Amino acid sequence: MIEITAKLLRDQSAVFMCGEVVECLIDFIHPSLPEHKISQSNSDILENLAWATVQLHCYCNATFNEKPSNDAAANRNVGGTTSLNASNQLKGEVLHSTEPKILFCDLRLSPGEAKQFLYRETVPLNTPPTYRGIRVKYYYKITVATQRLGSTVQALNIPIRVLPLPLPQSDLDEAITLNDESNEDLAPNNPFLEKKRPPSRIEYALHYLRGVTARRRPNFFMINNKWGKVGRFCLFKAAYKLGEDIVATIDFSCGTVRCVQLSVTLQCEETELNRVATPLGAKEDSGTAGNGDVVNSSGDSAMDVDRQKSISRVTNYSKHHEVCLGMLQTQVILPIPLHVTPTFRTDLVEVSWRLHFQFVTSTNAELNSDILLDRSEENELELEWVAPTDIAIETMIWSLPITIYPTAPLQIPQPCGEYKLHIK
């Protein structure tokens, strides 16, 4: 029997960014024979493996893009094969795979002997991040495949989580990112100092990430309905990292309509993108048909057809609920979980984030009494207000899109254990 163990060198966090190097230690161990067992020949002592390879696979499992069940079952029940087919190992199709690296050929191990190999691979840049959605799933596995002579191929899969690489989307963002290093180029060169190496792609991305998420530019939104003003909403920034808190304020002092109840929910919207052929005239406009909840009154029939074929599904995460009758101001704090996937887009799906608001308003005359409006000390001590038993309410719904970026992989605690495979 041969025991294969695999463990990532970064054991405190099995999270990597696109373009980052993954390192994994792989051990092939032949356990010692029990003392009471006596070997009869060399075949009882030596264990032989024909070959072993390692590669990184990105799988895509989309329920609306699945193969027929009969064909999938036939592919998985192939017996006696001596070649590695990654699509038969796990559910889903292989979206991308790195070049296989051969660890050895014809490895022989005596009892108590072990061989260790270090696998290094760079996560591809043009692949989607790890995402476990409702109908679309992307996940990554490091596949260690080996074969004994005359036996089938056996594989050991080590899961990792991959985050998208944040890069500047415009020349202005790139100029802001490089602003800190622009002054160093103007300084006189010192031949006795070691020349500073240029930043790597990962360092450049993390520097841009810190800059774009630390930028505070308050945005104010006036909330109105058909009866008047409800309040003013202030969002301090529109870009956040995983693990951050979304902090906002709502001012009801400027409103003319009473807000009885407030609910704010952090939602992830998964939109299945239209993959059918679009008309020639609507090729450029097909990218704007990602949101299934958007209603457009324009007469462009091609865009309307695309929106009908795009299906959106919403998942709720953090939620803030508050009864705000009589309040002049309130604060909203929504934490962003570390296990969610940032904003991204592929050919199959678009994942976006938004704040979903529900304002319960009322125009009841009893709520607009002078006692609620007058906050003087005399009224608070002498008068007493009795709430009405029934009030007429209206619910107003509003969604505000935001952008969520990844965070540094080491800030996500996701320990990676030791994975084992026994070949008998």
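Worth pointing out:
- Residues satisfying the stated conditions in segment 235-254, i.e. over 19 Å from residue 320 (Cβ atoms) and free of Cβ contacts under 8 Å to residues at least 40 places away in the same chain: 254
- The condition of being β-branched (Val, Ile, Thr) and free of Cβ contacts under 8 Å to residues at least 60 places away in the same chain holds for only one of 397, 423, 393, 412, that being 397.
Conditions (1) more than 30 Å from residue 130 (Cβ to Cβ); (2) modelled with pLDDT under 60, marked per residue:
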{"residue": "146", "(1), (2)": "no, no"}
{"residue": "151", "(1), (2)": "yes, no"}
{"residue": "154", "(1), (2)": "no, no"}
{"residue": "160", "(1), (2)": "no, no"}
{"residue": "168", "(1), (2)": "no, no"}
{"residue": "175", "(1), (2)": "yes, yes"}
{"residue": "193", "(1), (2)": "yes, no"}
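- Of the criteria (1) modelled with pLDDT under 90; (2) in a strand (DSSP E or B), which one residue 265 fails: (1)
- Number of positions in segment 203-234 that are part of a helix (DSSP H, G or I), without any contact (Cβ under 8 Å) to a residue 60 or more places away in the chain and open to solvent by less than 60 Å² (accessible area, probe 1.4 Å): 4
- Restricting attention to segment 90-147 and to residues that are under 23 Å from residue 50 (Cα atoms) and polar (S, T, N, Q), the residue that is most open to solvent (accessible area, probe 1.4 Å) turns out to be 116.
- Each residue in segment 5-32 was checked for being surrounded by fewer than 21 Cβ atoms within 10 Å (Cβ to Cβ) and of a type in the set (Val, Ile, Thr), and 3 of them qualify.
Each row is one residue, and each column tells you yes or no for (1) closer than 19 Å to residue 358 by Cβ; (2) in a strand (DSSP E or B); (3) modelled with pLDDT of 50 or more; (4) not assigned by the TED database to the domain that holds residue 239.
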{"residue": "261", "(1), (2), (3), (4)": "yes, yes, yes, no"}
{"residue": "287", "(1), (2), (3), (4)": "no, no, no, yes"}
{"residue": "306", "(1), (2), (3), (4)": "no, no, no, yes"}
{"residue": "321", "(1), (2), (3), (4)": "yes, yes, yes, no"}
{"residue": "327", "(1), (2), (3), (4)": "yes, no, yes, no"}
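- When 87, 43 are checked against the criterion of being among the hydroxyl-bearing types (Ser, Thr, Tyr), in contact with an Asp or Glu (Cβ under 8 Å, 6 or more places away or on another chain) and modelled with pLDDT under 90, 87 stands alone in meeting it.
The values are calculated or read from the model by the stated rules, or taken from the named source; none is laboratory data. This one's a predicted model, so the numbers in the text were calculated from it and none came from an experiment. Please note: Cβ atoms are built from the backbone with ideal geometry, for glycine as well, and neighbour counts cover all protein chains shown. Ligands, DNA and RNA are stripped out before the accessible areas are found, and what is left, the full protein with its side chains, is counted by its heavy atoms. Shrake-Rupley method; radii C 1.70, N 1.55, O 1.52, S 1.80 Å.
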